[in-house]
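The values are calculated or read from the model by the stated rules, or taken from the named source; none is laboratory data. This is a predicted model, so every value here is computed, not measured. Virtual Cβ from ideal backbone geometry, glycine too; neighbours counted across all protein chains shown. For the accessible areas, the whole protein counts, side chains as well, though only heavy atoms, and no ligand, DNA or RNA atoms are used. Shrake-Rupley method; radii C 1.70, N 1.55, O 1.52, S 1.80 Å.
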Amino acid sequence: PAAVAAGSDLFRQKCEICHAYDGGGKTEIGSGTLPRPPALAAAVTSLTDGEIFYRTSVGRDEMPAYNKKLPEAKDRWDLVAYMRTMKK
């Protein structure tokens, strides 16, 4: 529960602007990027925790530079825990 709460806070601060509050990927900023941010709620159902951690660590396209704001592995694991609670 603590990891999910911490991950929720991090998601709101650092991810929500592109991936949307519900992980749906539909935001004004996200719609202006190519490729579009994925709908995380659906994407994470087919990934292992390790795969989610890896993708959160390396990102893609514009996201890698942004990920430098999450240097601690614990933060990324907290995001994994939170993303597991998202509904499709």
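So with the 1.4 Å probe, I'd like the accessible area per residue for the chain, rounded to whole Å².
With all protein chains present, the chain gives 63 Å² per residue.
Which FRET efficiency value, to the nearest 0.05, do you get for Glu51 and Asp75 by plugging their Cβ-Cβ distance into 1/(1 + (r/R0)^6) with R0 = 22 Å?
E between Glu51 and Asp75, to the nearest 0.05, is 0.80.
Can you tell me which of Ser31, Ser57, Ser46 moves the most in a GNM of the chain? Springs connect C-alpha atoms under 10 Å apart.
Ser46
Once you place label points 7 Å from the Cα toward the Cβ at Ala5 and Glu28, how far apart are they in nm?
It is 3.2 nm.
Among Ala39, Val80, Gly59, whose Cα lies farthest out toward the positive end of the dipole of the chain, if unit charges sit on the beta carbon of Lys, Arg (+1) and Asp, Glu (-1)?
Value computed over the given set: Ala39.
Return the label of the correct value of Cα Rg over 2.2 N^0.38 Å, as calculated from the structure shown, out of (1) 1.16; (2) 0.97; (3) 1.08.
Answer by label: (2).
Where does the chain land at 222 nm, in deg cm²/dmol rounded to the nearest 500, when only DSSP H runs of n ≥ 4 count, each adding -39500 (n - 2.57), divided by all residues?
Calculated mean residue ellipticity at 222 nm is -12000 deg cm²/dmol.
Using a 1.4 Å probe over the heavy atoms of the protein chains, calculate the carbon and sulfur portion of the accessible area of the chain as a whole percent.
The C+S portion of the solvent-accessible surface of the chain is 59 percent.
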